[in-house]
Amino acid sequence: LPSKLPDVGTTIFTVMSQLANESKAINLSQGFPGFDCDPYLVDLVTRFMKEGKNQYAPMTGIPELREILSEKTKSLYQVDYNSESEVTIVSGATDALFSAVSAVVQPGDEVILLEPAYDSYAPAVKLSGGVAVFVPLNIPEFSVDWDRVKDAITEKTRVIMVNNPHNPSGYVWTKQDLDTLAGLVRDKNIFIISDEVYEHIIFDGRKHLSLMCHPVLKERTFICGSFGKTFHVTGWKIGYCLAPKPLSIEFRKVHQFVTFSTATPLQFALAEYLKDERKYLDLPGFYQKKRDLFCSGLSETDFKFTPSQGSFFQLVSYKHLSSISDYELSVKMCKEVGVACIPISVFFNQKEDHKILRFCFAKSDSELLEALDKLNSSN
Ligand code: PMP
Ligand code: GLN
């Protein structure tokens, strides 16, 4: 069968989680919380199911959820999105990203991806007939090399995809990053797809600067978010897309034929849950404790690292220790040490090996301590 994605295998998250299960390793690979969500959220879903909220939701999402999301955005970022025409509820950020790419990328269009890039971006571009143009981030900081982005822009550039806070590095955008991007696209017919699924997981007093905060960026940007990350419910696959009306119109044309709509009782539950802003405002403190616990244990190992600025991932470098490939080391550590992680070469088009591993610290403290113990005794 002629493959539309000949270079794509099974995603690393499936591969590593499976290997972790088989090896009975502690799974710090695939990014999902190792603890349950708030029981109140489960009660809400159950309540709405019992109340009969079990049929198709409106294609764009239930009004209650769109409205509270619009209010939240206004109070957090002082930016308006019309809940009727500019907020769309989707089945996970993956749906938002795919639908946004499909909505604007025409065959032959170029899409700039900053790599390492989350693994769903390039296949989405390819399936739309677009050409992914890869621009490397500055390693080891993982900041954006704006000169290279500028050089990569051509007449054919239709989209720049960005991810802030960044998976896998945790890099958090500065005001200067926003201003520079705005300067580059100001007079051009370029859209931005901004993956902000870790907007509430951000450390050391940093403030998330959503791309919507810059007016030049807002008018051309699809903001893609996920409730899975924020409320410890990655298995629910529910997220949203915020975009100005003309962009949302095109976005919805695609979304309606990708999933049509998103699980109804989950939407009612989240609309109710979002009324208490502490549920997301407490998140930086909650995850910073975990990051600090994990980093303090890591400092007892021979790995080199800089504490993550955001997301629930911590990178470590072992370049000074071994020449083994990051992929082989991940497999070996999973099987022999009992700790699973992600080799970040998988986020590079050419599988460039910087000898860096990604660990997910969204786990119970006891699981993190056990993993650190294993890593320490394997040194
Ligand atoms: N973007 C990034 C950067 C992610 O890390 C993830 C998932 N972990 C997603 C998108 C997908 O989010 P969802 O599960 O809501 O589809
Ligand atoms: N985004 C998660 C990660 O980076 C994984 C999501 C998935 O498994 N598709 O680990």
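Quick note: the coordinates plus some simple rules give every number you see, no bench work behind them. Nothing here was measured: the structure is a model prediction, and the numbers come from that model. Because the Cβ atoms are built from the backbone with ideal geometry, glycine has one as well, and the counts that use them run over all protein chains shown.
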* Cβ-placed point charges (K, R +1; D, E -1), dipole of region 22-84 about Cα centre in debye, nearest 20 -> 100 debye
* Structure fact -> Under 5 Å from the placed amide H of Thr157, counting only residues 5+ away or on other chains, we find Glu110
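Which pairs in the list Lys175/Lys218; Lys175/Lys363; Lys126/Lys363; Lys188/Lys237; Lys188/Lys245 are over 26 Å apart, alpha-carbon to alpha-carbon? Before the final figure, lay out each step's value.
Details: Lys175/Lys218 14 Å; Lys175/Lys363 31 Å; Lys126/Lys363 34 Å; Lys188/Lys237 34 Å; Lys188/Lys245 19 Å.
With Cα atoms farther than 26 Å apart: Lys175/Lys363; Lys126/Lys363; Lys188/Lys237.
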* To do: Given the peptides 90-101, 225-236, arrange them by the average over their residues of other C-beta atoms within 10 Å, most packed first.
  => 90-101, 225-236
* Let me know the charge dipole size of the chain about its Cα centre in debye, to the nearest 20, where only the beta-carbon of Lys, Arg (+1) and Asp, Glu (-1) is charged. => 380 debye
* Asked: At what distance in nm do the modelled label points of Asp365 and Arg186 sit from each other, each positioned 7 Å from its Cα along Cα→Cβ?
  -> 5.0 nm
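Packing-wise, with mean Cβ within 10 Å as the measure, how do 192-199, 153-160 rank, highest first? Don't jump to the answer; show the numbers that get you there.
Numbers: 192-199: 26.0, 153-160: 17.5.
The peptides rank, most packed first, as 192-199, 153-160.
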* region 53-276, dipole about Cα centre (Lys/Arg Cβ +1, Asp/Glu Cβ -1), debye to the nearest 20 -> 340 debye
* **Furthest towards positive pole of dipole, Ser3, Ala93, Tyr273, structure part the chain, Cβ charges** => Ser3
* With r defined as the distance between the Cβ atoms of Thr174 and Lys351 and R0 fixed at 35 Å, what FRET efficiency is calculated, to the nearest 0.05? -> 0.75
* Which of Ile62, Ala103, Phe251 sits farthest toward the positive end of the charge dipole of region 53-276, with +1 on the Cβ of Lys and Arg and -1 on the Cβ of Asp and Glu? -> Ile62
* To do: Please check which bits of region 114-152 a label hung off His320 would reach, taking the label as a point 7 Å along Cα-to-C-beta and the cut-off as backbone N under 19 Å.
  => 139-142
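Within the set of other residues whose C-beta is less than 13 Å from the C-beta of Asn376, count the net charge using Lys and Arg as +1 and Asp and Glu as -1. Mind dumping the intermediate values first?
On the way: positive: Lys374; negative: Glu300, Asp302, Glu370, Asp373.
That works out to -3.
Grab the Cα-Cα distance for Lys207 and Asp373, subtract it from 0.36 nm times how many residues apart they are, and report the gain in nm with one decimal. Present the calculation step by step, with values, prior to reporting the outcome.
Values: separation 166, 0.36 × 166 = 59.76 nm, distance 3.28 nm.
Going from the current span to full extension adds 56.5 nm.
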* If we count other beta carbons within 10 Å of each Cβ, what is the order of Leu321, Leu5, Leu28, Leu114, fewest first? -> Leu5, Leu321, Leu114, Leu28
